[in-house]
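Undergrad: Could you have a look at this structure, given as structure tokens, before my questions?
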Amino acid sequence: MSPSPHSRPPHAKLEEIFETHIQALATTLSRGTVANYRGTARRFLSYLHANFPRVRRLSQLHRDPHLLGWFLNLPPRRRVEAGREC
């Protein structure tokens, strides 16, 4: 049984927090979705470590600049309409 996301140590690393939550979701999601979640978490954490190396705890994470910076760093997505890329 996976540990509860609420039972993490008070100073758990961000990687541990993300993985604990993904494991909790994995019981109801497909393997492909879980793999996508893990990949997205890995890319977000890589962005954080590269751009904000001092952010190590969830309490240090803020909407601006951490999340908004990551969103701006994402590549633009191509629109798909009726089965074809636009």
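The values are calculated or read from the model by the stated rules, or taken from the named source; none is laboratory data. Just so it is clear, the model here is predicted, and its values are computed rather than measured. For neighbour counting, all protein chains shown are included, and Cβ atoms are generated from backbone atoms with ideal geometry for every residue, glycine included.
Undergrad: Working only within segment 30-86, note down all residues that are out of contact with any helix residue (DSSP H, G or I) (no Cβ under 7 Å at 6 or more places or on another chain) and of a type in the set (S, T, N, Q).
TA: Within segment 30-86, Ser30, Thr33, Asn36, Thr40, Ser46, Ser59, Gln60 meet the criteria.
Undergrad: Right, here's the next one. Kindly list the number of the only condition in (1) modelled with pLDDT of 95 or more; (2) surrounded by 15 or more Cβ atoms within 10 Å (Cβ to Cβ) that fails for Arg8.
TA: That leaves (1) as the condition not met.
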